[in-house]
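**Student:** Starting off with a structure, shown below.
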Amino acid sequence: MADDTKGLDPAVADLVRALAALLDEVNLTEIEYGDGDRRVRVTRAFTAIHTTGAPAAAAAPGSAHTPAVSEPSGTIKAPMVGTVYLAPQPDATPFIKVGDQVSEGQTLLIVEAMKVMNNIAAPRAGRVAAILVTDGMPVEYDQPLLVLD
């Protein structure tokens, strides 16, 4: 990671470094800190990975990227920040797998947010073309989760 803190007050530079380290430690993409009139925001980009048929690999922390220009029309995105689960219980069979036919309203996966399990249902009937996340993976708001044909 390049040091872009040259020319900053040493205390601010130390704060930026500490916030950047915290991003890595808790696997966040953005953090903001405020103290009185001063606000410091540190962000990091991840690599977008498009797959067909296999779960996406996690991007290396701090890697630069250019996001995909377009997404398939059947892309289902995370409605919130949280942790995705592909099965109802840790050792249970996943809700879906690539190639499965699903019906409208069928549970596709769960996004846990603040200890609340949120079922993500199919908005329409279709075939699961790709699952873009892995079980237990943290997800951001509006992150692609899977693709329905």
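Coordinate-derived values only; no laboratory data. Quick caveat, the model's predicted, so the values are computed rather than measured. As a convention, Cβ positions derive from the backbone with ideal geometry for all residues, glycine included, and neighbour counts pool all protein chains shown.
**Student:** Pulled fully out, how much extra length does the chain show between ALA129 and ALA11, if you take 0.36 nm times their separation in residues and subtract their Cα-Cα distance?
**Tutor:** Going from the current span to full extension adds 37.5 nm.
**Student:** Within 10 Å of each residue's Cβ, count the other Cβ atoms and sort ASP135, ASP142 from fewest upward. Working shown, then result.
**Tutor:** On the way: ASP135 15, ASP142 10.
Fewest to most other Cβ atoms nearby, the residues stand as ASP142, ASP135.
**Student:** Working out 0.36 nm times the residue gap between TYR141 and ARG41, then minus their Cα-Cα distance, what length gain in nm do you get to one decimal? Walk me through the numbers before you get to the answer.
**Tutor:** Values: separation 100, 0.36 × 100 = 36.00 nm, distance 1.83 nm.
Residue separation times 0.36 nm, minus the Cα-Cα distance, leaves 34.2 nm.
**Student:** Using a cut-off of 11 Å between beta-carbons, work out the net charge of the residues near ALA87 (Lys and Arg +1, Asp and Glu -1, ALA87 not included).
**Tutor:** -1
**Student:** Something else now. Given H placed 1.01 Å from N in the peptide plane, which residues other than close sequence neighbours of LYS77 have an amide H under 5 Å from its amide H?
**Tutor:** Correct list: LEU145.
**Student:** Would you kindly derive the ³J(HN,Hα) couplings of the stretch 133-142 from the backbone phi angles with the Karplus curve 6.51 cos²θ - 1.76 cosθ + 1.60 (θ = phi - 60°), listing them in order in whole Hz, with x for Gly and Pro?
**Tutor:** For the stretch 133-142, the Karplus curve yields 10, 10, 4, x, 7, x, 10, 9, 4, 6 Hz.
**Student:** Mind running the shape call on the stretch 75-148? Use the C-alpha gyration tensor, a ≥ b ≥ c as the square roots of the eigenvalues: rounded below 1.5 for a/c, prolate if a/b tops b/c, oblate otherwise.
**Tutor:** prolate
**Student:** Sort TYR33, TYR85 so that the residue with the fewest other Cβ atoms within 10 Å of its own Cβ comes first and the one with the most comes last.
**Tutor:** TYR33, TYR85
**Student:** Short version: ³J(HN,Hα) in whole Hz for each residue of the stretch 114-124, in order, from phi by Karplus 6.51 cos²θ - 1.76 cosθ + 1.60 (θ = phi - 60°), x for Gly and Pro, what are they?
**Tutor:** Listing the rounded values in order: 6, 6, 10, 8, 10, 5, 9, 9, 5, x, 7 Hz.
**Student:** Work from the charge dipole of the stretch 75-148 (Cβ charges, +1 for Lys and Arg, -1 for Asp and Glu, about the Cα centre) and give the residue of GLN106, PRO90, ALA78 farthest towards its positive end.
**Tutor:** Working it through, the farthest residue towards the positive pole turns out to be GLN106.
**Student:** Using each residue's phi in the stretch 100-109, evaluate 6.51 cos²θ - 1.76 cosθ + 1.60 at θ = phi - 60° and report the 3J(HN,Hα) Karplus result to the nearest Hz, with x for Gly and Pro.
**Tutor:** Each residue of the stretch 100-109 in turn: 5, 8, 10, 9, 4, x, 5, 5, 9, 6 Hz.
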